[in-house]
Amino acid sequence: MRVLLIDDEKELVATISERLDLRGIANDWVTSGEAGLELLRKEPYDWVVVDLKMPGLSGFESIKAIKEIRPQTRVILLTGHSAAEDLDHALELGADHYLVKPVDIDDLLSLMQKETA
Amino acid sequence: MNAKQPDDRLIGMLEFVGKVTASATHEIKNELAVINEQSRLLQEMLAMARQGREVDPERMEQLIGRVVARVGQADQAVRRLNAFAHSADLERASTNPDQMLEALLRLFTRIASLKGVVLDFTPGQAGSEIALRPILLEQALWTCLDSVVQQAEKGNKLSVSLKRKQNALEVLFQLEPPIALRAPDAELLCMPGAEVLAIADGELLLEARFE
């Protein structure tokens, strides 16, 4: 399983990545939607975990573009809050799941592993 | 039935307080999310050490330093929000306009950053203190800031400067590179005597009068 993490908060995304490393999960991280799309064009990922609020390409715009580039890649939207309209919009755009921060990494992993198996 | 309708100024003030609170609490939540991840990683590294697995003490020390730093940043964000909340308590107070604008810009930084706009302010231009209801000036400044930034494009720089006139403050918002701006909704400037004096390509001039 390969995971791409996209969040403009560098310390957050780098730490989640390190915790995935400890669990033996192959992953890459970037700090913008634009950089995430560039990576996705080069190589496939099973999962993309993307933050909603980012400068430049937002989480919504990123989800739409990810599904155009790699329709098979599953996407989890991370949000700081759980506004129902935001979450519905993310699912309409093609997100497979959403999680509200702070995320329990074991919940995140079990969600991904259950659907990757 | 003759239900009293809230007026535009009241709605404008509620929107302003809501936007400031939402942005500041997002910022605090973000700090907490980073602290959460870093402390969980530390827990995992300690558990590994207890199992006899090799862990890098320098990495642990670095993580602890970052947790301390992020707690400090969260504390600053809480202080800014608290100071803002208390500014609404004051009916009329002696206010340093430079300090007020600087504090307001700090609260606004996250919103500007999400739009890719960089804020710039040089304090010390507004002279001595003035007596007014602080939250009204804050709201007028925020309305103009928000209007300019929502119209700006990624990579724009927004400089804000203050100039003292006799019984008024002039606040100049300058956007670089300049773009054609629309004026903010004048009804949402809650401060009596506050008005947009001029609007041109990339520049908006607010005048706020006080006694």
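Values for this structure:
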read-out: Counted residues, region A:14-50 - those being under 20 Å from A:LEU109 (Cβ atoms) and among the charged types (D, E, K, R); value: 6
read-out: Only listed residue being within 10 Å of another protein chain (Cβ to nearest Cβ) and surrounded by fewer than 19 Cβ atoms within 10 Å (Cβ to Cβ), chosen from A:HIS89, A:HIS97, A:HIS81; value: A:HIS81
read-out: Region A:1-26 residues that are on the phi < 0 side of the Ramachandran plot and more than 11 Å from every other protein chain (Cβ to nearest Cβ), paired with ones that are in a loop (DSSP other than H, G, I, E, B) and among the small types (Gly, Ala, Ser) (beta carbon under 9 Å, 6 or more apart); value: A:ILE6/A:SER32
read-out: Pair list, Cβ < 7 Å and 6+ apart or interchain, from region A:39-53 residues that are within 14 Å of chain B (Cβ to nearest Cβ) and closer than 22 Å to A:THR79 by Cβ to residues that are hydroxyl-bearing (Ser, Thr, Tyr) and surrounded by 15 or more Cβ atoms within 10 Å (Cβ to Cβ); value: A:LEU52/A:SER58; A:LEU52/A:THR79
read-out: Residues within region B:65-114 that are open to solvent by less than 50 Å² (accessible area, probe 1.4 Å), among the aliphatic types (A, V, I, L, M) and more than 24 Å from B:LEU172 (Cβ to Cβ), tallied; value: 7
read-out: Within region A:73-89, tally of residues that are part of a loop (DSSP other than H, G, I, E, B), without any contact (Cβ under 8 Å) to a residue 12 or more places away in the chain and farther than 19 Å from B:SER23 by Cα; value: 0
read-out: Restricting region B:39-52 to residues that are open to solvent by 40 Å² or more (accessible area, probe 1.4 Å) and touching a helix residue (DSSP H, G or I) at 6+ places or on another chain (Cβ under 9 Å), the residue that is nearest to the other protein chains (Cβ to nearest Cβ); value: B:ARG40
read-out: One residue from A:MET112, A:MET54 being in a loop (DSSP other than H, G, I, E, B) and either open to solvent by 40 Å² or more (accessible area, probe 1.4 Å) or under 17 Å from A:LEU5 (Cβ atoms) (or both); value: A:MET54
read-out: Tally of residues being part of a loop (DSSP other than H, G, I, E, B) and not acidic (Asp, Glu) across region B:100-141; value: 11
read-out: Unmet requirement for B:ASN36, which otherwise passes all of (1) without any contact (Cβ under 8 Å) to a residue 60 or more places away in the chain; (2) of a type outside the set (A, V, I, L, M); (3) away from chain A (no Cβ under 12 Å); value: (3)
read-out: Meets criteria (of a type outside the set (D, E, K, R) and either over 23 Å from B:GLY18 (Cα atoms) or not in a helix (DSSP H, G or I) (or both)) for B:VAL78; value: no
read-out: Tabulated pairs, region B:106-122, first among the hydroxyl-bearing types (Ser, Thr, Tyr), second at pLDDT below 95, C-beta under 7 angstrom, 6+ apart or interchain; value: B:SER113/A:PRO55; B:THR122/B:SER161
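The values are calculated or read from the model by the stated rules, or taken from the named source; none is laboratory data. As the structure is a computational prediction, the values presented were derived from the model and not from experiment. Note that each Cβ is placed from the backbone with ideal geometry, even for glycine, and that neighbours are counted across all protein chains shown. With ligands, DNA and RNA removed, areas are computed over all heavy atoms of the protein, side chains included. Shrake-Rupley method; radii C 1.70, N 1.55, O 1.52, S 1.80 Å.
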